[in-house]
Amino acid sequence: MAETNGSIAPRRRVYAGYEGNPNPSERDRIVHLFQAYRSTESFNAHFLTKWAEATTDEGMKGGLRTIQAREGAHAQLLRQRLRELGEKTIIDVPPERYERDVPFFASPDRSDLEKLVFLGHLFEDLDDFFQPITDLIAEIREDFRSREILRTILDDEYATVKWFAHMQRSLEASS
């Protein structure tokens with residue numbers, strides 16, 4: 001997520017896709033996505049907390065805290081659903097990612113605008129970014145609870161990105 005050698009990281013998708021059984025069941029695909037997505041949501045909640053602590057902009061702090069609470073709730077909801085599906089092991093984002101990415105957002109020496117521009121690049125093509133999730137939502141035929149968990153979380157994600165874009169435009173206009 002953070003910059004490397006002064007260049008912005010390349011765009012990516014929210015989920016790299018299923019890996020595992022060559023003929024996965026619907027449950028296999030849901031569990032795999034939920035594991036990856038839960039770990040990302042937990043990571044997001046962490047870095048957003050650090051950013052909210054670093055910013056001096058009260059509006060930014062309020063929005064970041066709201067988004068952080070949603071990301072944390074998503075992580076908990078996905079964890080709960082994984083447990084309901086019988087999963088005993090919960091994966092997490094590797095510590096190296098925390099060490100690499102959190103300092104960028106936690107730094108008071110990096111402006112909020114710089115952080116928003118970074119995220120704006122990541123979410124440049126939002127529909128493409130979330131395509132793996134929308135594809136799975138469309139393909140779920142049996143586990144309606146998991147499908148609707150994904151659908152409603154995705155609604156929150158679009159709201160988050162809309163707010164990031166609004167704040168970026170606001171900060172650009174005031175600078």
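The values are calculated or read from the model by the stated rules, or taken from the named source; none is laboratory data. This is a predicted model, so every value here is computed, not measured. Cβ atoms come from the backbone with ideal geometry, glycine included; neighbour counts cover every protein chain shown.
Looking at region 51-81, which of its residues are basic (Lys, Arg) and out of contact with any Asp or Glu (no Cβ under 8 Å at 6 or more places or on another chain)?
Going residue by residue through region 51-81, those that are basic (Lys, Arg) are 61, 65, 70, 79, 81.
Listed by number, the residues that qualify are 61, 65, 79, 81.
Working only within region 37-94, note down all residues that are β-branched (Val, Ile, Thr) and closer than 23 Å to residue 162 by Cα.
Let us first name the residues in region 37-94 that are β-branched (Val, Ile, Thr), namely 40, 49, 55-56, 66-67, 89-91, 93.
Passing the criteria: 40, 49, 55, 56, 66, 67.
Would you mind finding the one in 56, 152, 89 that is over 30 Å from residue 27 (Cβ atoms) and of a type in the set (Val, Ile, Thr)?
Values: 152 fails: over 30 Å from residue 27 (Cβ atoms); 89 fails: over 30 Å from residue 27 (Cβ atoms).
Among 56, 152, 89, only 56 is over 30 Å from residue 27 (Cβ atoms) and of a type in the set (Val, Ile, Thr).
The conditions are (1) modelled with pLDDT of 95 or more; (2) under 18 Å from the mean Cα position of the chain (by Cα), and residue 59 fails exactly one of them. Which is it?
Looking at each condition in turn, residue 59 falls short on (2).
How many residues does region 98-118 hold that are in contact (Cβ under 8 Å) with a residue 12 or more places away in the chain, over 16 Å from residue 61 (Cβ atoms) and either in contact with a helix residue (DSSP H, G or I) (Cβ under 6 Å, 6 or more places away or on another chain) or outside any helix (DSSP H, G or I) (or both)?
1
Looking only at region 12-28, decide whether some residue is closer than 18 Å to residue 76 by Cα and at pLDDT 90 or above.
no
Tell me, please, whether a residue that is hydrophobic (A, V, I, L, M, F, W, C), touching a residue at least 24 places away in the same chain (Cβ under 8 Å) and in a loop (DSSP other than H, G, I, E, B) can be found in region 41-54. Spell out how you get there, then give the answer.
Pass one, region 41-54, residues hydrophobic (A, V, I, L, M, F, W, C): 43, 45, 47-48, 51-52, 54.
Within this subset, residues satisfying the condition of being touching a residue at least 24 places away in the same chain (Cβ under 8 Å) are 43, 45, 47-48, 51, 54.
Going one step further and asking which of them are in a loop (DSSP other than H, G, I, E, B), we end up with none.
No - not one qualifying residue is present in region 41-54.
Which residues, counting only those in region 25-77, are more than 21 Å from residue 100 (Cα to Cα), touching a Pro at 6+ places or on another chain (Cβ under 8 Å) and crowded, with 17+ Cβ neighbours inside 10 Å?
Listed by number, the residues that qualify are 32, 33.
Taking residue 160 as the residue in question, decide whether it is in a helix (DSSP H, G or I), of a type in the set (S, T, N, Q) and under 24 Å from residue 17 (Cβ atoms). Please lay out each step first, then the result.
Details: in a helix (DSSP H, G or I): yes; of a type in the set (S, T, N, Q): yes; under 24 Å from residue 17 (Cβ atoms): yes.
Against the criterion (in a helix (DSSP H, G or I), of a type in the set (S, T, N, Q) and under 24 Å from residue 17 (Cβ atoms)), residue 160 qualifies.
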